[in-house]
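Everything on this sheet refers to the single structure shown next.
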Amino acid sequence: MAETTTRVLIPESFQGGTYDIAGQIGLIWELIKAPLIVPLLRVCVYISLAMSLMLFFERLYMGIVIILVKLFWKKPEKRYKYEPIQEDLELGSSNFPVVLIQIPMFNEREVYKISIGAACGLSWPSDRLVIQVLDDSTDPTIKQMVELECQRWASKGINIRYQIRETRGGYKAGALKEGLKRSYVKHCEYVAIFDADFRPEPDYLRRAIPFLVHNPDIALVQARWRFVNSDECLLTRMQEMSLDYHFTVEQEVGSATHAFFGFNGTAGVWRIAAINEAGGWKDRTTVEDMDLAVRASLRGWKFLYLGDLQVKSELPSTFNAFRFQQHRWSCGPANLFRKMVMEIVKTKKVTLWKKFYVIYSFFFVRKIIAHMVTFFFYCVVLPLTILVPEVYVPIWGAVYIPSIITILNSVGTPRSIHLLFYWILFENVMSLHRTKATLIGLLETGRANEWVVTEKLGDIVKNKAAEAAKKPAPKFFKRPKFKFGNRLHLLELGFGAFLFVCGCYDYVHGKNNYFVYLFLQTITFLICGFGYVGTIIPSS
């Protein structure tokens, strides 16, 4: 009986003692493909198509609403009570509310002067402004430089305070929370937060604060980020394309419909009473800004986004710095969703529509599905269907839906439309990193609470550009110093090899010509795997 069973299950070529390993692997593949691989891959295709449709309808909804907003919605100054604050001849500057400026820092050697100088240059009565530099630096030299810079501005009559802590507990959230506990903050009504690389224009407070003064139900006024180094290299251009959609569409739609949009962590002004009512700053995730915004929204507070109020900032210009930032931005929201979903469901202070919007649209589709479908469908499932031709992917799911989503995503940065195809390839590569971070956040494992401060270069970028202008035409590739351990990313290289194999198979046996996409995606994975994506300078 045992021999009979063996002959039924195992082909005769195995019993002949052949050493053709490739042939044996092929036979094993044929044995398991029909009963196991094909059904499993079909399920993955159906799940991927469902996620693609979810993302498509969310993007379509956003696109329709933003068109209506641009065509028919009134400007914020007309939708809300708004009246510029003027100095009163009798009352003087007491007509202005007292505003706190918080600037959290951590070893910001290159940008501390820029941010402190911009805050001190705000056009607001000096006796109604308190500037608080929250320095968590671990480098004694940098701490001394920052403190001396604060003293320099204080000698000019600016009310600036230099604050340090014994430990970095809670990271940025801990620093902001500690800053609000200071006795001299008790008479402040509003707090504006600027990360160390942000440079508000002098009229920033005069344009933002009136919305808070005349509309007591508004808790937050968020400004748009404008990037000073977006043309530095291809990496910064790719980031600009992704973030411009966030600001141009997602933030604008959430604000105009009173649905919800998250605080971006900087370049925003909060009503301090709203922060306190929401429970203050919490450090349970790496997105303390989003955490506070969700809690405040669940208590009925409204947020306002001002797209024409722009604050200059800096994009990460090295691939490693960008990867660390993206890990935090992907892992944090997923971890926060895990911790807050039931709180959102149970709250009774907001409408059912708002609960649905926050849970489904804001968190589930944008923070989880968007990363996962990009990676699993376009980098795993679709290539695998080439190796398993029995599994069919409809053309609308493989081509049409992704193309429409991409076009809708690109509306924020029309000047970079010629880089759109490479942006798709780059976003597919980054979806691997973001998916991994999202899963870490959802499962709350490993690096779920990792916080690496994004490297900033400040005016070094501008100075280098000035020097480069004096030299002959730059080469297409810079020659960075190669550091093997810092640059090599094995996961990206591994997927590059996998896609190359799939591309070769499709070139020989395929019928849909996917190999063109697969070879280009392979090249992008390899560029990112070797860490050279930030060294390519884009053409205008």
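General observations
- Estimated inter-spin distance, Lys156 and Leu352, nm [label 7 Å along Cα→Cβ]: 5.7 nm
- Within the accessible area of the chain, the carbon and sulfur atoms contribute 62%, probe 1.4 Å, all protein chains present.
- Placing pseudo-labels 7 Å out from each Cα toward the beta carbon at Thr445 and Met145 gives an inter-label distance of 4.1 nm.
- Accessible area per residue was computed with a 1.4 Å probe on protein heavy atoms; Met241 scores about 10 Å².
- Distance-filtered residues of segment 382-401 - backbone nitrogen under 18 Å, label point 7 angstrom along Ala497 Cα→Cβ: 384
- Accessible surface, per residue, of segment 343-414 when the full set of protein chains is kept, probe 1.4 Å, Å²: 45 Å²
- GluC sites (Glu not before Pro) restricted to DSSP loop in segment 68-148 with at most 16 other C-beta within 10 Å: Glu87, Glu90
- Nearest-20 debye value, segment 166-236 charge dipole, Cβ charges on Lys, Arg, Asp, Glu: 280 debye
- In the chain, a dipole from Cβ-located charges (positive for Lys and Arg, negative for Asp and Glu) runs towards its positive end, and of Val133, Ala370, Val345 it is Val133 whose Cα lies farthest in that direction.
- Its Cα centre serving as origin, the chain has a Cβ charge dipole (Lys and Arg +1, Asp and Glu -1) of approximately 580 debye.
- The magnitude of the dipole of segment 331-397, with charges of +1 and -1 set on the Cβ of Lys/Arg and Asp/Glu and taken from the Cα centre, is near 680 debye.
- Sequentially through segment 353-368, phi angles give Karplus couplings (6.51, -1.76, 1.60; θ = phi - 60°) of 4, 5, 4, 4, 4, 5, 6, 7, 6, 5, 8, 5, 6, 6, 9, 10 Hz, Gly and Pro residues having no value and appearing as x.
- Stretching the chain fully between Gln24 and Trp73 yields a gain of 11.0 nm (0.36 nm per residue, less the alpha carbon separation).
- Note: relative contact order over the chain, using C-alpha pairs below 8 Å and six or more positions apart, is 17 percent.
- Degrees separating the helix 288-298 axis from the principal Cα axis of the chain, which is the longest one: 80 degrees
- Heavy-atom accessible area ranking, 1.4 Å probe, most first, across Tyr507, Tyr80: Tyr507, Tyr80
- When all protein chains stay in place and ligands, DNA and RNA are ignored, the 1.4 Å accessible-area order of Asp203, Asp20, largest first, is Asp20, Asp203.
- Degrees, to the nearest 10: 515-529 long Cα axis against longest axis of the chain: 50 degrees
- Extreme residue, positive dipole direction of the chain, given options Met238, Thr438, Phe194 (C-beta unit charges): Phe194
- When the surface is traced with a 1.4 Å probe over the full set of protein chains, Lys156 keeps roughly 120 Å² accessible.
- The long axis of helix 204-214 is offset from the longest Cα principal axis of the chain by roughly 80 degrees.
- Rounded accessible area per residue of segment 483-526, 1.4 Å, Å²: 58 Å²
- Projected label distance in nm at Val38 and Asn512, using a 7 Å step from Cα toward the beta-carbon: 1.7 nm
- The chain - mean residue ellipticity at 222 nm from DSSP helices (-39,500 (n - 2.57) per run, n ≥ 4, rounded to 500): -15500 deg cm²/dmol
- For the set Asp283, Asp289, the ranking by accessible area, highest first and with no ligand, DNA or RNA atoms included, is Asp283, Asp289 under a 1.4 Å probe.
- In Å², nearest 10: area of Cys504 left accessible to a 1.4 Å probe: 50 Å²
The values are calculated or read from the model by the stated rules, or taken from the named source; none is laboratory data. The structure displayed is predicted, hence computed values, not measured ones. Using ideal geometry, Cβ is built from the backbone for each residue, glycine included, and neighbour counts are taken over all protein chains shown. With ligands, DNA and RNA removed, areas are computed over all heavy atoms of the protein, side chains included. Shrake-Rupley method; radii C 1.70, N 1.55, O 1.52, S 1.80 Å.
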